[in-house]
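Notes for the one structure printed next.
The values are calculated or read from the model by the stated rules, or taken from the named source; none is laboratory data. Source: prediction; values computed, not measured. Reconstructed Cβ throughout: ideal geometry from the backbone, glycine too, with neighbour counts over all protein chains shown. Just the protein is used for accessible areas: all its heavy atoms, side chains included, with ligands, DNA and RNA removed. Shrake-Rupley method; radii C 1.70, N 1.55, O 1.52, S 1.80 Å.
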Amino acid sequence: MKQGNSTVLGMATSLAAMALVGCAGTSDQYPSLAARDAERETQRTTGQFTPADADETVAPSSQTFGQLRGFVEQARSAHQEFMASGTDTRRLIQDAQSTDSESDLRARALVAVAELSVLHGRTNIALGDLDQMEFNAASTFAPLDDIRAAQVLVGQMAAEQEAFLNSLDSITRQF
């Protein structure tokens with residue numbers, strides 16, 4: 001049995017060696033790796049390069065500030081609505097815990113959680129719009145400070161909502 005394995009191994013090694021030899025060819029079949037004439041010319045790479053002045057940044061337009069305010073206001077509105085509904089939703093869920101699984105109170109509690117998720121989604125949409133605005137501004141070298149400040153503000157709102165929804169999730173898992 002050992003002799004059969006060594007024969008198979010020997011045949012496999014021979015086949016691999018023949019395959020490698022078959023790949024080799026004459027050097028005239030391949031392009032030269034020597035530098036080409038165009039690569040040897042130094043005129044293409046010499047000269048003076050002057051960087052653009054740092055003062056030549058694109059100023060944000062009033063439309064940009066209007067969009068920025070709109071996205072922040074959209075998030076703020078959704079967040080205020082979320083927080084106003086959140087306390088009632090938590091109370092509704094806690095009251096529904098003592099009812100059977102097909103009660104109207106449980107159904108209303110789950111609908112209230114779904115409504116909070118929609119509001120959380122609206123906040124995240126505003127955050128996504130701000131991310132897109134940042135990308136567009138960065139690609140035109142426009143200032144990013146105001147956009148990033150708005151992203152931080154809206155991101156904090158979204159994180160607060162996420163934490164609240166996670167706390168409700170731990171309660172609704174007990175349903």
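Which residues, counting only those in the stretch 103-147, are assigned to a loop (DSSP other than H, G, I, E, B) and under 24 Å from GLN80 (Cα atoms)?
Just the residues of the stretch 103-147 that are assigned to a loop (DSSP other than H, G, I, E, B), to begin with: 103, 140-144.
None - no residue of the stretch 103-147 is assigned to a loop (DSSP other than H, G, I, E, B) and under 24 Å from GLN80 (Cα atoms), so the list stays empty.
Spot the failing condition for VAL154; the list is (1) more than 17 Å from the chain's Cα centre (by Cα); (2) open to solvent by less than 60 Å² (accessible area, probe 1.4 Å); (3) touching a residue at least 40 places away in the same chain (Cβ under 8 Å), and only one is missed.
The one condition VAL154 does not meet is (1).
Failed condition for GLY121, given (1) within 18 Å of GLY70 (Cα to Cα); (2) open to solvent by 70 Å² or more (accessible area, probe 1.4 Å), with all others met?
All conditions pass for GLY121, except number (2).
Kindly provide the set of residues from the stretch 139-151 that are surrounded by fewer than 12 Cβ atoms within 10 Å (Cβ to Cβ) and without any contact (Cβ under 8 Å) to a residue 60 or more places away in the chain, ordered by number.
Result: SER139, ASP145.
Residues of the stretch 77-102 being without any contact (Cβ under 8 Å) to a residue 60 or more places away in the chain, of a type in the set (S, T, N, Q), part of a helix (DSSP H, G or I) and surrounded by 12 or more Cβ atoms within 10 Å (Cβ to Cβ), which ones?
Answer for the stretch 77-102, where residues must be without any contact (Cβ under 8 Å) to a residue 60 or more places away in the chain, of a type in the set (S, T, N, Q), part of a helix (DSSP H, G or I) and surrounded by 12 or more Cβ atoms within 10 Å (Cβ to Cβ): SER77, GLN80, SER85.
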